[in-house]
1. Quick check on the exposure proxy: order L211, L34, L201 from fewest to most C-beta atoms within 10 angstrom.
2. Please give the net charge around M158, taking every other residue with its beta carbon less than 12 angstrom from that of M158, where Lys and Arg add +1 and Asp and Glu add -1.
3. Cut-off is 10 Å between beta-carbons; in what order do S110, S133, S193 appear when sorted fewest neighbours first?
4. Using all C-alpha to C-alpha distances in the stretch 78-230, build P(r) with 5 Å bins and read off the rounded percent in each one.
5. With Cβ to Cβ distances under 14 Å as the rule, what net charge do the other residues near A146 carry (K, R +1; D, E -1)?
6. Using only the Cα atoms of the stretch 35-76, construct the convex hull and provide its projected area averaged over every direction, in square nanometres to one decimal.
Amino acid sequence: MSRSTENQTPGFTTREVTTEPMSAESDWREYGPLEFPRILDAALQAFYEHGYHGTTTRDLARRSGLSVPGVYHYYPSKQDILFDLMTVIIDELLVRSRQALATASADPRSQFDALVESLLRFHMYRRTGAMVSTAELRSLEPDNRARYVAKRDEQQRMLDGVILDGVRDGVFATAYPKDASRAIASLCVGVASWYRPDGTLPVDALLDRYLTIARSIVGISGETASGRSR
């Protein structure tokens, strides 16, 4: 894991002071620029471009403006860098998801809409990190993978719970709530692979379209995400 923040290189910040990517009072719909420590920022770009196994510690040192020993001062291994990077990314997703649920009305339909919108926005605005995390899960060592998967499962359980509540209350008609939940999660994750900020589809239109699809998966049909009848 990351080393102590004592005796840091000027201008360098290690993960201990940046693990919370947004405050509890932040608006989960708002996305500013990423502010990673320089090693994690270098790793994000390098792993995205060349993959974990195609990136060397020397590459990360060059990109971050440090020497190789300087990188090892903060991280014992490249594996620790990958795990820290993926942890910061999924922690932000979890914080935003919790906020979306906390600020939505308590009924399952509102909770569902907020959580799906949050998942979609994250995979649009944090697409690089989301793609690295998806691709490099296989590169985590067993203990690190288990810790990361526990966080990923927590995210999935949020969606499972909302859908199960909707089925119980008669709001959602799906006979397969767990399968529907996995399908919707995959739908949202997949957006990261093709979304471009300068694309022809406006953000609101994309959100409306994909939320309509998600609603149909859980058994709500005949209306768009804005509530208008087709």
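The numbers here are math on the coordinates, done by the rules we state, and not lab data. As the structure is a prediction and not an experimental result, all values here were calculated from the model. With ideal geometry, Cβ positions are generated from the backbone for all residues, glycine too; neighbour counts draw on all protein chains shown.
1. Working: L211 19, L34 16, L201 11.
Placing the least packed residue first, the sequence is L201, L34, L211.
2. Working: positive: R96, R98, K151, R152, R157; negative: D153, E154, D160, D165.
Net charge around M158: +1.
3. On the way: S110 14, S133 24, S193 11.
Lowest count first: S193, S110, S133.
4. Percent of pairs per bin, in order: 2, 9, 18, 21, 20, 14, 9, 5, 2, 0, 0.
5. Working: positive: R138, R145, R147, K151, R152; negative: E141, D143, D153, E154.
That sum, taken over residues with Cβ under 14 Å, equals +1.
6. Numbers: hull surface 10.8 nm².
Averaging across all directions leaves 2.7 nm² for the Cα convex hull.
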